[in-house]
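One structure below.
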Amino acid sequence: MPVYAVRANGGTVEDVDGNVLIDLGSGIAVTTVGSSAPRVIDAVRRQVEEFTHTCFMVTPYEPYVEVAERLNQLTPGAHDKRTVLFNSGAEAVENAVKIARAHTGRQAVVVFDHAYHGRTNLTMAMTAKSMPYKHGFGPFAPEVYRAPLSYPFRDSGLDGPEAARRAIDVIEKQVGADNLAALVIEPIQGEGGFIVPARGFLAGLADWCRREGVVFVADEVQSGFARTGKMFASEHDGVVPDLIVSAKGIAGGLPLSAVTGRTEMMNAVHAGGLGGTYGGNPLACAAALAVIDTILEDDLIDRAVQVEHLIKGRLEKLRARDDRIGDVRGRGAMVAAELVLAGTTEPDPGLAKQIATYAHQQGVIVLTCGTYGNVLRFLPPLVISDAELHEAFDVLDEAFAGVAR
């Protein structure tokens with residue numbers, strides 16, 4: 001957007017000219033508890049007065065350990081777990097692959113259509129969409145294979161278990177379970193279009209991984225930390241990942257990411273094999289502990305469900321009178337509208353761009369996404385008010401009414 005922010009609070013962002021914008025993006029799912037959450041501010045202020053860095057690999061400190069302990073408790077499954085901290089989602093995804101390879105002694109990695117996993121060399125290979133993420137940046141890391149996703153809007157009635165069998169058939173024929181270290185999947189896709197797989201798809205894949213000794217990795221960078229009305233999106237499908245990757249909303253805007261997983265897998269890596277200078281920075285760890293407290297003490301998981309009902313209610317009313325909205329989907333405060341040519345399923349990226357541009361001009365931050373660039377995605381902070389949401393969707397109503405068919 002052609003604005004420069006000077007402050008942000010709750011569900012709004014203020015620019016250098018004094019304009020106040022309603023935030024339906026949360027810095028791409030980062031400021032889940034708000035851009036200046038009181039507990040986060042206080043925790044970071046206290047920590048910065050003590051020290052800003054020592055490097056955990058040199059002289060450990062308690063906030064890192066506390067974050068690891070909290071993640072071990074909060075992630076799905078009652079099994080014994082370990083956590084290691086990094087800086088970004090892509091870095092954590094790469095380390096999850098390293099852990100899976102060390103544990104299995106295998107090399108291949110399977111990802112899915114429409115996937116987004118990051119912008120480093122390995123995660124570019126794992127990401128599906130070329131422009132703008134991969135174009136001109138190859139060659140990419142080898143031993144990465146792609147399987148078909150469950151995409152209910154475009155799957156012609158294929159249910160979850162059937163879609164899982166389709167994916168498994170491709171994997172077994174083109175890769176072979178004996179060669180496969182990890183299957184990496186977003187429980188709800190992010191950049192690929194907020195695609196929610198049909199029920200039974202994730203569970204079918206997880207069961208197959210368990211039988212074949214393949215590490216099931218849930219990339220919850222965008223869908224984690226209460227965003228979807230559960231602490232982690234995997235919980236909606238009753239799936240317990242072997243490894244789970246967290247980032248974005250984990251630390252209220254400070255750079256932090258994590259891999260949490262089964263102890264025997266995490267311990268498979270040799271001493272010194274995982275790490276990094278800034279991973280688990282004490283300021284970010286202090287912020288993460290405050291974010292977790294805010295989510296739990298302010299009932300933000302329930303708030304995400306309330307936000308879902310409000311947003312989907314507004315979008316479904318709009319969809320009923322405008323058939324250019326082909327699909328409304330998502331969970332919690334992670335909701336999308338897929339836009340199509342009227343009366344068809346043909347993607348309409350031009351319309352998505354026009355709607356987003358109109359919203360921006362009227363002071364509403366709206367993001368687009370999707371393999372075809374035709375999806376409007378809504379990621380408001382969970383502390384946004386109902387009044388702000390209704391005001392924002394009044395603007396979207398005006399946008400659709402003003403853009404000719």
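Throughout, read-outs are computed from the coordinates displayed, never taken from laboratory work. Please read these numbers as outputs of a predicted model, since none were measured by experiment. Note that we place each Cβ from the backbone using ideal geometry, even for glycine, and neighbour counts take in every protein chain shown.
Lys/Arg Cβ at +1, Asp/Glu Cβ at -1, dipole of the chain taken about the Cα centre: which of Val214, Ala29, Leu243 is farthest positive-ward?
My answer, from the dipole projection, is Val214.
What is the mean projected area of the alpha carbon convex hull for segment 1-139, to one decimal in square nanometres?
Working: hull surface 50.8 nm².
With the hull built on Cα positions only, its mean projection is 12.7 nm².
Would you please put 152-161, 306-315, 221-230 in order of how densely packed they are, using the mean number of other Cβ atoms within 10 angstrom per residue and starting with the highest? Walk me through the numbers before you get to the answer.
Numbers: 152-161: 14.8, 306-315: 18.7, 221-230: 27.3.
Result, highest mean Cβ count within 10 Å first: 221-230, 306-315, 152-161.
Using all alpha carbons of segment 40-297, what is the percent of pairwise distances in each 5 Å bin, ordered from the shortest bin to the longest?
1, 7, 14, 18, 19, 17, 12, 7, 4, 1, 0, 0
Taking the Cα atoms of segment 205-246, report the difference between the largest and smallest coordinate on each principal axis, in whole Å and largest first.
Extents along the principal axes: 31, 17, 10 Å.
Given +1 on the Cβ of Lys and Arg, -1 on the Cβ of Asp and Glu, and no further charges, what dipole in debye does segment 303-377 carry about its Cα centre, rounded to the nearest 20?
Values: 11 positive and 8 negative charges, 67 e Å.
Value, rounded to 20: 320 debye.
Going highest first, how would you order 354-360, 249-255, 343-349 by mean Cβ packing within 10 Å?
249-255, 354-360, 343-349
HN-Hα J couplings of segment 327-341 from phi, Karplus 6.51/-1.76/1.60, θ = phi - 60°, integer Hz, Gly and Pro as x?
Along segment 327-341, the couplings run 8, 10, 8, x, 9, x, 8, 9, 10, 9, 10, 8, 9, 9, 5 Hz.
Given Cβ point charges of +1 (Lys, Arg) and -1 (Asp, Glu) and nothing else, what value in debye, to the nearest 20, does the dipole of the chain about its Cα centre take? Mind dumping the intermediate values first?
On the way: 37 positive and 50 negative charges, 172 e Å.
Computed charge dipole of the chain: roughly 820 debye.
Calculate, in nm to one decimal, what Asp386 and Arg7 gain on full extension: separation in residues at 0.36 nm each, minus their alpha carbon distance. Write out the running numbers ahead of the final one.
On the way: separation 379, 0.36 × 379 = 136.44 nm, distance 2.10 nm.
Separation in residues times 0.36 nm, less the Cα-Cα distance, equals 134.3 nm.
From the phi angles alone, apply the Karplus equation (6.51, -1.76, 1.60; θ = phi - 60°) to segment 377-382 and give each ³J(HN,Hα) in whole Hz, x where the residue is Gly or Pro.
Going residue by residue, I get 10, 10, 10, x, x, 6 Hz, with x marking Gly and Pro.
Cα-based Rg of segment 1-80 per 2.2 N^0.38 Å, rounded to two decimals?
Details: Rg = 17.2 Å, N = 80, 2.2 N^0.38 = 11.6 Å.
With N residues counted in segment 1-80, Rg over 2.2 N^0.38 Å equals 1.48.
Show me the ranking of peptides 132-138, 193-199 by mean Cβ neighbours inside 10 Å, starting with the highest. Please list the in-between numbers first.
Values: 132-138: 11.6, 193-199: 24.1.
So the peptides 132-138, 193-199, ranked by packing, come out 193-199, 132-138.
Over the chain, how many pairs of lysines fall under 19 Å by alpha carbon, counting only those 8 or more apart in sequence or from different chains? Let's see the in-between values first.
Values: Lys81/Lys98; Lys129/Lys353; Lys230/Lys248; Lys230/Lys312.
Lysine pairs meeting the criterion: 4.
With no solvent and one equal point scatterer per Cα, compute the Debye intensity ratio I(q)/I(0) for segment 210-324 at 0.09, 0.14, 0.16 Å⁻¹ and report its log10, rounded to two decimals.
Listed by q, the Debye log ratios stand at -0.35, -0.74, -0.89.
Simple spin-label model, 7 Å along Cα-to-Cβ: Arg211 to Arg154 in nm?
According to this spin-label approximation, the distance is 2.9 nm.
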